[in-house]
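The values are calculated or read from the model by the stated rules, or taken from the named source; none is laboratory data. Everything quoted here is computed from the prediction, not taken from an experiment. Cβ placement follows ideal geometry from the backbone for every residue including glycine, while neighbour counts extend to all protein chains displayed.
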4 protein chains.
Amino acid sequence: MVKLKDDKKVTQIFQATVKLVARKGLSGITMGDISKEAGIATGTLYVYFKSKDELINALFAACRENSVQVSFKGYQPNRPFKLGFRQIWLNILRYKLQNFEETVFLEQCYHSPFITAATREKALQLAAPFYELMKRGQQEQLVKSVDSGLLLTFVMGTMNELIRQTHYSGIPLSRSRINTAFDLCWDALKA
Amino acid sequence: MVKLKDDKKVTQIFQATVKLVARKGLSGITMGDISKEAGIATGTLYVYFKSKDELINALFAACRENSVQVSFKGYQPNRPFKLGFRQIWLNILRYKLQNFEETVFLEQCYHSPFITAATREKALQLAAPFYELMKRGQQEQLVKSVDSGLLLTFVMGTMNELIRQTHYSGIPLSRSRINTAFDLCWDALKA
Amino acid sequence: MVKLKDDKKVTQIFQATVKLVARKGLSGITMGDISKEAGIATGTLYVYFKSKDELINALFAACRENSVQVSFKGYQPNRPFKLGFRQIWLNILRYKLQNFEETVFLEQCYHSPFITAATREKALQLAAPFYELMKRGQQEQLVKSVDSGLLLTFVMGTMNELIRQTHYSGIPLSRSRINTAFDLCWDALKA
Amino acid sequence: MVKLKDDKKVTQIFQATVKLVARKGLSGITMGDISKEAGIATGTLYVYFKSKDELINALFAACRENSVQVSFKGYQPNRPFKLGFRQIWLNILRYKLQNFEETVFLEQCYHSPFITAATREKALQLAAPFYELMKRGQQEQLVKSVDSGLLLTFVMGTMNELIRQTHYSGIPLSRSRINTAFDLCWDALKA
DNA sequence: GATGAATGAGATTTCATTCAT
DNA sequence: TATGAATGAAATCTCATTCAT
């Protein structure tokens, strides 16, 4: 009987926003830009999000969830640790490469006034599975028995930087370059 | 002509800007905010910088130069490589920790529409000494003989993420934590 | 055509509007507010009224008619003038007290751009019975023989202000207070 | 050395606002209208008032103060009560007539969402001198010894209605009509 | 008729920049 | 130079009205 709120439209808005933030930065986008890019009227944005703030926060949360879900795709706990870790490492790398705009968006958000403490907190909780992964490696004595937060810092930090470099230098991430990068990472972690 | 512009005032403006960007993000600051924080009138900002763009670009350049100059402080090429590398690594870490706001500012700038291609290019050139350092390590067969860009990606990525984590988690960077982090980094690089 | 528009729904809309205007003023209400308060969809408002303007004008007219009809309830021209006048005075007072929101609505409308000249004119005509009443009092030499418009000004002015004061001060309108107010009014009018 | 905030500009803004509200109602004015009428840029309004809300509240307070101050002009407590009361009554009448727009503005404000509880409270306190006046009349046994609030309700209510009627009927307030009106008022009050 | 999402014109507000002092 | 009020273009947000279902 009625036209109901459209999930597809939220996706459109999110995609438009991510694209624009990656291109022009968080400080360079307007609600007008977003609506134009999403192919809807400006007012319509406010049907789905009460304010620009809320839109950015919702998108931030969605991006975080997305990237976690993708990470563990195809991960089989019964297979050897290193293989599983590699799989996940590659999942993340592939996802971040293919969704570079999301990566940039997340990075931009971290120190922006848009992201509320609550949103930040929720993002942290999503990291739990990665901590589990590190612990398993340590139990199997394959990974250094140091603070797992520090290990993750290393894994994620280097990956992020790799993505950034790849994007800006223009050097394509060949299969061999990827392998080299993974080896560097593994050499760091391994017990 | 009569008198050169007041250098102290430029410093005030830079400090105010860095502080505010770290707290509210690039997208959250206005010229009014900056002038208030710097303790001067809005109009005065325009005595020192033609526009907001110019101010941000100048500050970006200044920060980059700062951080490079500090990195090699106390570095003696004639001493063993690992010791020198460690020194530089610690220099950077200490600088970034103590000047967290600058670090955030630089990060925020990367994908902003403020930074011009020219400014970006100049920033890249400043990285030259680090490439040299990696090459030395390779010549001495202490460092893996892979693309030095990739190596630096690991060095910088770890450090940046470590700084961020430290700041947000509130976990203090104890000496042992620092040592562990360095070891991870070194294990990744070492041949 | 098929079926007449739902009269109950018009009442709902009117009640919702009056309530909201009393609470937030004419300038503070939106069609969305009204529909929500009335428990219907925004679009449905437009089934019953071509526009916001029309809705307000129709409501204005309805309120005016209401208040006049109530005024003469129980008025018997054959009974003595003062008794009849008192009856009407009390009728109005009671009505305005019990329907304070309507009173506010009418007051708000007077200087609003919503009310058209035609609506205003029609409202004036509704006052005719009150002029008649004043004339009767004068013919019976109980009321001062001055311009009956002026007399009505006093009757209505007192009443309106009394209602407002009662509502805002919170002082309840006791029977004795009502009697005092009527006496003031009557002393002003009486020949 | 500097251009300082200009009191004259506040007056301009107030005059423009009052004029427009009287013509188009509180719900019919925009900040754009006001700035145009005041002959300044829209942004300039926000130099003087943080928001539309604040502007309306400040104007409301100013109008109330204005009208009280004018009321007692030329009032000499040592002269007979009725003369003094008459003087004040005429002062108010004249002021409200000449500043009809202010009167309309105040009336429009009463039930608007703009006026805060605090502003309303302050307005009430300004009425103190009028209560004093009524008490004096009662002490001299010239005025009915009933609640002075009720007496004021009567005086003010009838005056407001008179102003309104005068303005809308187009019947000019001749000297004799004024005298008649005062007599009605006095007859009501007198002991 | 009824619904409520969609629209876009227009309202409020912000802010980089200018300018009079 | 230094100031901060003034500007107006542009951003955010609102809301009467329309329209697809």
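Just a few scattered comments:
- D:A58 fulfils the conditions (1) away from DNA strand F (no atom under 16 Å from the Cβ); (2) part of a helix (DSSP H, G or I); (3) closer than 22 Å to D:Q125 by Cα except for a single criterion, (1).
- Options D:V47, D:V21; residue that is within 16 Å of DNA strand E (Cβ to nearest atom), in contact with an Asp or Glu (Cβ under 9 Å, 6 or more places away or on another chain) and part of a helix (DSSP H, G or I): D:V21
- Within segment A:102-117, tally of residues that are touching a Lys or Arg at 6+ places or on another chain (Cβ under 7 Å) and of a type in the set (V, I, T): 1
- Taking the numbered list (1) touching a Gly at 6+ places or on another chain (Cβ under 9 Å); (2) not in a helix (DSSP H, G or I) in turn, A:L173 passes all entries but (1).
- Matching residues in segment A:157-191 - criterion: being modelled with pLDDT of 95 or more, charged (D, E, K, R) and out of contact with any Asp or Glu (no Cβ under 8 Å at 6 or more places or on another chain): A:D183
- Some residue of segment A:63-81 being assigned to a helix (DSSP H, G or I), more than 16 Å from DNA strand F (Cβ to nearest atom) and of a type in the set (V, I, T): yes
- Residue check, C:P113 more than 23 Å from D:T153 (Cβ to Cβ), more than 14 Å from every other protein chain (Cβ to nearest Cβ) and of a type outside the set (V, I, T): no
- Residue within segment B:78-86 that is out of contact with any Ser or Thr (no Cβ under 8 Å at 6 or more places or on another chain), of a type in the set (A, V, I, L, M, F, W, C) and within 14 Å of another protein chain (Cβ to nearest Cβ) present: no
- Applying the criterion of being surrounded by 20 or more Cβ atoms within 10 Å (Cβ to Cβ) and not small (G, A, S) to the residues of segment D:161-189, the residue that is nearest to the other protein chains (Cβ to nearest Cβ) is D:E161.
- Within segment D:116-132, tally of residues that are within 14 Å of another protein chain (Cβ to nearest Cβ), of a type in the set (A, V, I, L, M) and over 17 Å from the mean Cα position of the chain (by Cα): 1
- Matching option when the condition is within 10 Å of DNA strand F (Cβ to nearest atom) and more than 28 Å from B:M159 (Cβ to Cβ), among B:T44, B:T30: B:T44
- Yes/no for D:Y95 being more than 16 Å from DNA strand E (Cβ to nearest atom), touching a residue at least 12 places away in the same chain (Cβ under 8 Å), surrounded by fewer than 17 Cβ atoms within 10 Å (Cβ to Cβ) and among the hydroxyl-bearing types (S, T, Y): no
- Qualifying residue in segment C:53-76 (condition: within 16 Å of DNA strand E (Cβ to nearest atom), loosely packed, with under 15 Cβ neighbours inside 10 Å and free of Cβ contacts under 8 Å to residues at least 40 places away in the same chain): yes
- When each of A:A62, A:A38 is tested for being touching a helix residue (DSSP H, G or I) at 6+ places or on another chain (Cβ under 7 Å) and not assigned by TED's automatic domain parsing to the domain that holds A:L124, the lone residue that passes is A:A38.
- So D:S71, is it small (G, A, S) and more than 13 Å from chain C (Cβ to nearest Cβ): yes
- Residues (of a type outside the set (D, E, K, R) and crowded, with 18+ Cβ neighbours inside 10 Å) located in segment A:139-151: A:V143, A:V146, A:S148, A:L150, A:L151
Quick grid of which residues meet (1) under 10 Å from the mean Cα position of the chain (by Cα); (2) under 21 Å from A:A128 (Cβ atoms):
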{"position": "A:S51", "(1), (2)": "no, no"}
{"position": "A:V68", "(1), (2)": "yes, yes"}
{"position": "A:P77", "(1), (2)": "no, yes"}
{"position": "A:G84", "(1), (2)": "no, yes"}
{"position": "A:I92", "(1), (2)": "yes, yes"}
{"position": "A:Y95", "(1), (2)": "yes, yes"}
{"position": "A:P113", "(1), (2)": "no, no"}
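- The set of residues in segment A:138-160 that are aliphatic (A, V, I, L, M), within 11 Å of another protein chain (Cβ to nearest Cβ) and in contact with a Phe, Trp or Tyr (Cβ under 6 Å, 6 or more places away or on another chain) contains only A:L152.
- Residue ID - nearest to B:G28 (Cα to Cα), chosen from residues in segment A:112-138 that are surrounded by 13 or more Cβ atoms within 10 Å (Cβ to Cβ) and among the polar types (S, T, N, Q): A:S112
- Scanning segment D:24-44 for residues that are outside any helix (DSSP H, G or I) and at pLDDT 90 or above, we see that the one that is farthest from DNA strand E (Cβ to nearest atom) is D:G39.
- For the residues A:V70, A:V21, the requirement of being aliphatic (A, V, I, L, M) and assigned by TED's automatic domain parsing to the domain that holds A:I163 singles out A:V70.
- Residues in segment C:1-18 that are acidic (D, E) and either modelled with pLDDT of 95 or more or within 9 Å of DNA strand E (Cβ to nearest atom) (or both): C:D6 only.
- Matching entry among D:K50, D:K135 (being away from chain C (no Cβ under 14 Å) and under 29 Å from D:K9 (Cβ atoms)): D:K50
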